[in-house]
There are 2 protein chains.
Amino acid sequence: MTESMTDAEIYREVFDAIVEGRLPPGEKLGQDELGKVFGVSKTRIRPILHRLTEQKIVVIEPMRGAFVARPSEKDAREVNAARQIIEEGVVRAATRAAQPRHIKQLREIVAAEQAARDSRNAGQAHRLTGEFHCELARITGNDVVTDIVRELVSRDSLVVALYQRPGSGACSLHGHAHLIDRVAEGDENAAAQAMRDHLQDVMDTLDLGEKRGRSQSLSNAFAHLGRAG
Amino acid sequence: MTESMTDAEIYREVFDAIVEGRLPPGEKLGQDELGKVFGVSKTRIRPILHRLTEQKIVVIEPMRGAFVARPSEKDAREVNAARQIIEEGVVRAATRAAQPRHIKQLREIVAAEQAARDSRNAGQAHRLTGEFHCELARITGNDVVTDIVRELVSRDSLVVALYQRPGSGACSLHGHAHLIDRVAEGDENAAAQAMRDHLQDVMDTLDLGEKRGRSQSLSNAFAHLGRAG
DNA sequence: CCAAGGAAAATCGTATACTATCGGTCTGCC
DNA sequence: GGCAGACCGATAGTATACGATTTTCCTTGG
């Protein structure tokens, strides 16, 4: 018998599938179904769903089941506002702590973002956009801060999946480049302002009101595992 | 048969017991034992322990059990640094959004803190100290931000339980009062500086290196429930 | 032909039973 | 007398089984 995956691995698979959009908002996450996909009983699926619920990217409706979260318009605004508040502090700390190698690292991510966009790889581009903010947090050298930013970024993924109008997305490139310049200059106030403007820009390009979201089968989302569904 | 508590109620009981220090760092949280205390099977205890683990106030050692977290010296520094970074953004947003009624609310909390300290009620005083920071976050009107601050404050409770030297504690009163004045003035930069100074003060009064922590029985911690242990 | 009611299927939530692993202790040997 | 190794009790982790609730579909009446 093929040995089963660890809880951490299963968690990571589901988390990535949601953040990368393979499991769209509203998708049903059946316990037995997921258990079959990963070859374990639902006993080990439950705590994983609860953990994802803690991070607000899954919602559990009592006696009905777990679903990928579909953040409301209010949720979308609140998460974005929270990012403006918290990442202001983060970018200030990062500006104080930034070394040349950090700046270089950030520019590399933006370059990769550009490349992904040029090659029409929307999924990769979106992943790197989030990665940029996490990397910025990492400059602070504080894992607690990094984890909080990561959580906020993952929640924003769902907002983007639901509300981003098809064409947009390129605006973040300029915002990131501008932000790096301010950090590189060491101007903490300007960096903070750039961060708020950037996040507000992202918010403004959303098409709140019109929820998108195609449906996809669970086994398709985990097709790379090569297991039966 | 007496109807059993909801998961949320059980969670709250354990959470409060830890944050208020009735369950000191290092305390063993046996699944069967907790199940008996609350009159449920361990099936419902497990997800609660996992949730507390997510919040980093409980650690689960595989095949050994769950324990109230005993943050290392490094953890203590990191949580404090994270608070300085994040609450800087929070206090700036709060300063921009503050209304007179908010200032009044904050001053009331400090007054209550003073009263608790005067009446030698250390537990209540400590609770109000945390409440002050949560209330400040609440001024932003953003639940996401408030939850994050609440989590950081609860983690700090364990640090204080482990490392605070017996005598100290009064320093936070002056820091809070000073902070309110800066917020009331609307001077965002001064408020941010006051927040950082205040949190640094708290850090500096800790006696890192010497871990305290008396042990207490589980049934004592939940004595107010009136159930058998 | 549509709507309302009910029954059956599906699925979630909980308890119980079982297995694996860990810590403590007792014994035997050095 | 002290240390090492094995046994035993305790407890965590997992699966299975069962009860509760919802959803779906079919039947029946208007």
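The values are calculated or read from the model by the stated rules, or taken from the named source; none is laboratory data. Source: prediction; values computed, not measured. Here the Cβ positions follow ideal geometry from the backbone for every residue, glycine too, while neighbour counts run over all protein chains shown. In case anyone asks, the SASA skips ligands and DNA or RNA and just uses the protein heavy atoms, side chains included. Shrake-Rupley method; radii C 1.70, N 1.55, O 1.52, S 1.80 Å.
Before moving on, here are some points about what is shown:
- In this assembly of identical copies, the label point of residue B:55 (Cα plus 7 Å along Cα-to-Cβ) is separated from its counterparts by 1.9 nm, sorted shortest first.
- Taking B:198, B:224 and ordering them by how much accessible surface each has at a 1.4 Å probe, largest first, produces B:224, B:198.
- Amide proton proximity set for residue A:164, modelled H, under 5 Å, gap of 5+: A:207
- Working note: Cα atoms of the stretch B:1-116, range along each principal axis, descending, whole Å: 50, 40, 26.
- Tensor-based shape of the stretch A:129-199 (alpha-carbon gyration tensor, a/c under 1.5 rounded, otherwise prolate or oblate): oblate
- Dimensions (Å) - chain B, Cα atoms, principal axes, largest first: 56, 39, 35
- With respect to the axis relating copies B and A by rotation, the chain B residue whose beta carbon is closest, plus that distance in Å, is B:89, 2.
- Per residue, the accessible area of the stretch B:73-204 comes to 42 Å² when a 1.4 Å probe rolls over the protein heavy atoms.
- Two-decimal Rg/Rh across the protein assembly as shown, once Rg and the Kirkwood Rh are taken from alpha-carbon atoms: 0.97
- Apolar share of the accessible surface for chain A: 49 percent from carbon plus sulfur atoms, 1.4 Å probe.
- Exam field: residue A:115 pseudo-label spacings to other copies (7 Å along Cα-Cβ), nanometres: 6.3
- A straight line joining the Cα centroids of the stretch B:127-141 and the stretch A:32-74 runs 31 Å.
- Rg and Dmax of the stretch A:73-204, Cα atoms only, in Å: 13.7, 39
- The largest-to-smallest principal axis extents of the Cα set in the stretch A:102-164 are 34, 29, 11 Å.
- Spatially near lysine pairs across chain A, Cα under 20 Å, sequence gap of 8 or more or different chains: 7
- Calculated label separations, residue B:11, copies of the chain, 7 Å along the beta-carbon direction, nm: 1.5
- Total accessible area lost when A and B pair, probe 1.4 Å, Å² to nearest 100: 2200
- The distance from the alpha carbon centre of the stretch B:88-112 to that of the stretch A:154-199 is 29 Å, rounded to a whole number.
- Counting only other chain Cβ atoms within 10 Å of each residue's Cβ, the peptide A:141-150 averages 5.
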